[in-house]
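Below: one structure, written as structure tokens.
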Amino acid sequence: RGASVSGMSFELGRGKVLIDIMPEEGRRNVNLLSDDDWEELLDQSGIEEDQWKELIDCFTDWVDENDEHALNGAESDDAFYEDAGYQVKNAPLDTVDELRLIKGFSEEIVYGSKPDKEGKGGGPGIARSLTTWGDGRVNINTASREVLMTLPGIDEWSVDQIIGGRVGLDEKDGTRDDGWESVDEAIADAALPAELKDKISVRDTKYLRVIARGEVGVVRAGIWCIMEVNGEQGVIRPVYWREEAMD
């Protein structure tokens, strides 16, 4: 039904493995964001509004095919890239981590930061809401509140309706009746704007993010990967993976 599965636990020798499986379409495809999408994303991530135009234009200059400067952007002749020793890509991002190569996209903006000693500042970062996989439609059966809030015409009430409705009639998360069965059903039941029909999905699972965390005593390690699913041929293949440090 396009919903996530999380917290599966398996005993393995003296330790255990925890598995999460999430449709990757529950994130926004960074290569397909409009300027309005970017503004919603940056707003939800707590990025100051006076930084938005530069970030959006610098991203545009990084991915577009020409060397013409956007008003607030930066091409290869910008001092930032000359000092860094590389040129703009002029092509879509292959990974979300690639954002760190773009002028203006600091560690804090991309991956987030903790509040200071007085509890001020800090934020989640934009990376956790983004992907480079999928056709740009957002799977509302698995998308986080933060991702849902970046959709055009969506307000907090609409997001509450989506999250509340997708747990099914039993109102319990993680059971067989989770998830909307169709986009039309979700729009009708959650009273969503009709213009969202082409921007959302409910059962799209062409790409899955599989996260595995192993624990043996106090030793922990993690790895995650993106799996491409070909339902017609029954083929599942890894297209990207990496190990993660675990605190």
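The values are calculated or read from the model by the stated rules, or taken from the named source; none is laboratory data. All values derive from a computational prediction rather than experimental measurement. Glycine also receives a Cβ, built like all others from the backbone with ideal geometry; neighbour counts cover every protein chain displayed. The area values use the complete protein model at the heavy-atom level, side chains included, leaving out ligands, DNA and RNA. Shrake-Rupley method; radii C 1.70, N 1.55, O 1.52, S 1.80 Å.
Please count how many residues of the stretch 47-71 are under 19 Å from residue 146 (Cβ atoms) and surrounded by fewer than 16 Cβ atoms within 10 Å (Cβ to Cβ).
Number satisfying all stated conditions: 3.
Looking only at the stretch 72-112, filter to residues that are of a type in the set (Phe, Trp, Tyr) and under 18 Å from residue 47 (Cα atoms); which one of those is least open to solvent (accessible area, probe 1.4 Å)?
Here is the first cut: in the stretch 72-112, the residues of a type in the set (Phe, Trp, Tyr) are 80-81, 86, 105, 111.
Applying the additional criterion that residues be under 18 Å from residue 47 (Cα atoms) yields 105, 111.
On the way: 105: 2, 111: 88 Å².
Step by step, filter the stretch 72-112, then rank; the result is 105.
Six or more apart or on different chains, Cβ under 9 Å: which pairs go from a residue in the stretch 220-235 that's over 20 Å from residue 27 (Cα atoms) to one that's open to solvent by 70 Å² or more (accessible area, probe 1.4 Å) and in a loop (DSSP other than H, G, I, E, B)? Could you list them?
The qualifying pairs are 220/247; 221/245; 222/245; 231/206.
So which residues in the stretch 12-52 are hydrophobic (A, V, I, L, M, F, W, C) and closer than 25 Å to residue 139 by Cα, if there are any at all? First the steps, then the outcome.
Taking the stretch 12-52 first, the residues hydrophobic (A, V, I, L, M, F, W, C) are 12, 17-19, 21-22, 30, 32-33, 38, 41-42, 47, 52.
The answer is 18, 19, 21, 22, 30, 32, 33, 38, 41, 42, 47.
Starting from the stretch 53-66, take each residue that is closer than 13 Å to residue 106 by Cα and in a loop (DSSP other than H, G, I, E, B) and list its partners that are among the charged types (D, E, K, R) and open to solvent by less than 30 Å² (accessible area, probe 1.4 Å), counting only C-beta distances under 9 angstrom and pairs at least six apart or across chains.
Final answer for the pair search is none.
Conditions (1) among the charged types (D, E, K, R); (2) free of Cβ contacts under 8 Å to residues at least 40 places away in the same chain, marked per residue:
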position: 73; (1), (2): no, yes
position: 76; (1), (2): no, yes
position: 93; (1), (2): no, no
position: 96; (1), (2): no, no
position: 99; (1), (2): no, no
position: 103; (1), (2): yes, no
position: 118; (1), (2): yes, yes
position: 124; (1), (2): no, no
position: 127; (1), (2): no, yes
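Among the residues that make up the stretch 19-40, is at least one of them open to solvent by 80 Å² or more (accessible area, probe 1.4 Å) and part of a loop (DSSP other than H, G, I, E, B)? Can you show your working first?
Kept after step one, since they are open to solvent by 80 Å² or more (accessible area, probe 1.4 Å), are these residues of the stretch 19-40: 32, 35-36.
Now drop any that are not part of a loop (DSSP other than H, G, I, E, B), which leaves none.
No, the stretch 19-40 contains no residue that is open to solvent by 80 Å² or more (accessible area, probe 1.4 Å) and part of a loop (DSSP other than H, G, I, E, B).
Going through the stretch 109-119 one residue at a time, which ones are in a helix (DSSP H, G or I) and in contact with a strand residue (DSSP E or B) (Cβ under 7 Å, 6 or more places away or on another chain)? Explain how you work it out, then say what you get.
Step one: list which residues in the stretch 109-119 are in a helix (DSSP H, G or I), which gives 109-111.
Scanning the stretch 109-119 gives no hits.
Being more than 13 Å from residue 31 (Cβ to Cβ) and part of a loop (DSSP other than H, G, I, E, B) is the filter here, so list the residues in the stretch 75-89 that pass it.
Of the residues in the stretch 75-89, the ones more than 13 Å from residue 31 (Cβ to Cβ) are 75-88.
75, 76, 77, 78, 85, 86, 87, 88, listed by residue number.
Looking at (1) under 30 Å from residue 216 (Cα atoms); (2) outside any loop (DSSP other than H, G, I, E, B); (3) aliphatic (A, V, I, L, M), which one does residue 3 not meet, given that it meets all the others?
Residue 3 satisfies all of (1) under 30 Å from residue 216 (Cα atoms); (2) outside any loop (DSSP other than H, G, I, E, B); (3) aliphatic (A, V, I, L, M) except (2).
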